[in-house]
Amino acid sequence: MAILIDGKKISTDIKDELKVEVAKYKEQGIKITMAVVKVGEDPASAVYVRNKQKACEYIGIDSVAYELPEETSEEELLELIDKLNKDDVINGILVQLPLPKHMNEDIILDAIDSKKDVDGFHPNNVGKMMVGKETFLPCTPAGIVELLKRTNIELEGKECVVIGRSNIVGKPMSMLMLKENCTVTICHSRTKDLKEVARRADILIVAIGKPKFVTADFVKDGATVIDVGIHRMENGKLCGDVDFEQVEPKAYAITPVPGGVGPMTVTMLMANCLRSVELQNR
C-alpha cells in the first residue's frame with residue numbers, strides 16, 4: 001500500500017511556521033499586507049479568493065479585497081494595479097485568474113510590480129527562477145517540492161517525468177526539479193509513446209487537465225506519483241488527472257485528490273507574501 005502524501009497536514013505545518021515568522025515581523029513593527037483583485041462573478045474564483053483570505057487571517061497577514069464587476073475595462077484594472085504598485089502598505093498583489101474574455105491576461109500580469117508578484121507569474125520572476133536567483137516561485141510547483149521533501153522522498157539523481165507544459169505548473173515544475181538535481185523529461189499531448197516515457201519515472205508529476213488520464217500502465221512499480229489535477233465527476237465526487245484506485249497499489253507514494261497538492265498552493269502563496277518583505281527591503 002502506497003504512502004499517502006498528506007497535503008492538508010503538511011500545509012498546516014508550513015502555515016504554523018509562517019505564523020511564527022509573521023509574528024516576528026510584527027514585533028519589529030512590520031505588517032505584511034496582500035491585495036487580492038477579483039474581476040467578475042466566477043464561482044470557483046470566489047472560493048479560491050475566500051481560501052486565500054482565510055489563510056492570510058490564520059497566519060496574521062492583512063488582506064485587502066477588490067471585487068470588480070465583470071464589465072470593468074482593462075484600462076480600469078491597469079489603473080488599480082498601478083495604484084497598488086505605488087502603495088507602500090501593499091507587499092503583495094494577486095489578480096485572480098481567469099479574467100473576463102475582454103481582458104488580456106499577459107498585459108495584466110506583466111503590469112504587476114515584479115517585487116509584489118506573489119503568484120510568481122511576472123516574466124522577471126520567471127527569468128530569475130530559470131537562472132536560480134532568489135525570487136517568488138510559482139505556488140503549485142513550489143508546493144509540490146515541499147510535499148516531496150517533507151515526505152522524505154529522495155530527489156537527487158532521480159528520474160522525474162512531468163506530464164503537462166503549462167506556464168503555471170509544467171514548465172516551472174521542471175525547472176524546480178532540475179534545481180533539486182533530478183533528471184527531468186517534460187511530456188505533453190504531442191509526446192510519442194507517452195506511457196513508455198512515463199514508466200521511466202521515479203517521480204511522476206501529472207498536470208494534464210484530463211480526469212483519470214494516468215492509469216496503472218503509465219506507472220512503474222515503486223514510483224512516487226503527484227496528481228495536480230482536480231475535476232468534479234457526474235456523481236459530484238472529486239477526482240484528479242490520475243486514476244487513484246488503479247495507480248495507488250503500484251506506487252511507493254501518491255497524493256490524493258482532494259487533500260494532496262491543492263492545500264499547498266495557497267500555503268506557498270503565503271510563503272511568497274513573507275518573501276515579499278525580504279525582496280522589497282533589499
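The values are calculated or read from the model by the stated rules, or taken from the named source; none is laboratory data. Because the structure is a prediction, the values reported are computed rather than measured. Cβ atoms come from the backbone with ideal geometry, glycine included; neighbour counts cover every protein chain shown.
Restricting to segment 258-282, and then to whatever is in contact with a helix residue (DSSP H, G or I) (Cβ under 7 Å, 6 or more places away or on another chain) and part of a loop (DSSP other than H, G, I, E, B), can you tell me which residue is surrounded by the fewest Cβ atoms within 10 Å (Cβ to Cβ)?
Residue satisfying both the conditions and the ranking: Gly259.
Could you tell me which of the residues Arg200, Arg190, Arg165 is over 19 Å from the mean Cα position of the chain (by Cα), at pLDDT 95 or above and not assigned by TED's automatic domain parsing to the domain that holds Leu109?
Going through Arg200, Arg190, Arg165 in turn, just one is over 19 Å from the mean Cα position of the chain (by Cα), at pLDDT 95 or above and not assigned by TED's automatic domain parsing to the domain that holds Leu109: Arg200.
Would you confirm, using the coordinates I've provided, whether Asp110 is surrounded by 13 or more Cβ atoms within 10 Å (Cβ to Cβ), closer than 23 Å to Ile32 by Cα and without any contact (Cβ under 8 Å) to a residue 60 or more places away in the chain?
It is true that Asp110 is surrounded by 13 or more Cβ atoms within 10 Å (Cβ to Cβ), closer than 23 Å to Ile32 by Cα and without any contact (Cβ under 8 Å) to a residue 60 or more places away in the chain.
When you scan segment 177-186, how many residues do you find that are closer than 20 Å to Thr255 by Cα, surrounded by fewer than 22 Cβ atoms within 10 Å (Cβ to Cβ) and either touching a Pro at 6+ places or on another chain (Cβ under 6 Å) or not β-branched (Val, Ile, Thr) (or both)?
1
Output the number of the condition that Gly164 fails; it satisfies all remaining conditions of (1) surrounded by 22 or more Cβ atoms within 10 Å (Cβ to Cβ); (2) more than 23 Å from Leu4 (Cα to Cα).
Tallying (1) surrounded by 22 or more Cβ atoms within 10 Å (Cβ to Cβ); (2) more than 23 Å from Leu4 (Cα to Cα), Gly164 fails exactly one: (2).
Could you tell me whether any residue of segment 193-209 is surrounded by fewer than 16 Cβ atoms within 10 Å (Cβ to Cβ), of a type in the set (A, V, I, L, M) and either without any contact (Cβ under 8 Å) to a residue 60 or more places away in the chain or within 21 Å of Pro138 (Cβ to Cβ) (or both)?
no
Condition first: under 23 Å from Ile32 (Cα atoms), surrounded by fewer than 17 Cβ atoms within 10 Å (Cβ to Cβ) and modelled with pLDDT of 95 or more. Now tell me which residues in segment 114-153 satisfy that.
Asn124, the sole residue that qualifies.
Step by step: first the residues of segment 103-136, then only those that are within 23 Å of Leu78 (Cα to Cα) and of a type in the set (A, V, I, L, M), then the one that is nearest to the chain's Cα centre (by Cα). Which residue is that?
Val118
Mind telling me which of the residues Lys101, Lys38 ends up being over 29 Å from Arg282 (Cα atoms) and buried (at least 19 other Cβ atoms within 10 Å of the Cβ)?
When all the criteria are applied, what remains is Lys38.
Considering only residues of segment 85-98 that are of a type in the set (A, V, I, L, M, F, W, C) and surrounded by fewer than 23 Cβ atoms within 10 Å (Cβ to Cβ), which is farthest from Met268 (Cα to Cα)?
By that ranking, first place goes to Val89.
Give me a count of the residues in segment 13-30 that are surrounded by 14 or more Cβ atoms within 10 Å (Cβ to Cβ) and either small (Gly, Ala, Ser) or closer than 24 Å to Val95 by Cα (or both).
Total satisfying the criteria: 5.
Could you give every pair whose Cβ atoms fall below 8 Å, whose first residue belongs to segment 27-56 and is charged (D, E, K, R), and whose second residue is assigned to a loop (DSSP other than H, G, I, E, B) and surrounded by fewer than 17 Cβ atoms within 10 Å (Cβ to Cβ), counting only separations of at least 6 or pairs across chains?
What qualifies is Lys31/Val89; Glu41/Glu70; Asp42/Pro98.
In the list Tyr58, Tyr66, which residue meets the criterion of being over 21 Å from Arg275 (Cα atoms) and among the aromatic types (Phe, Trp, Tyr)?
Only one candidate passes the filter, namely Tyr66.
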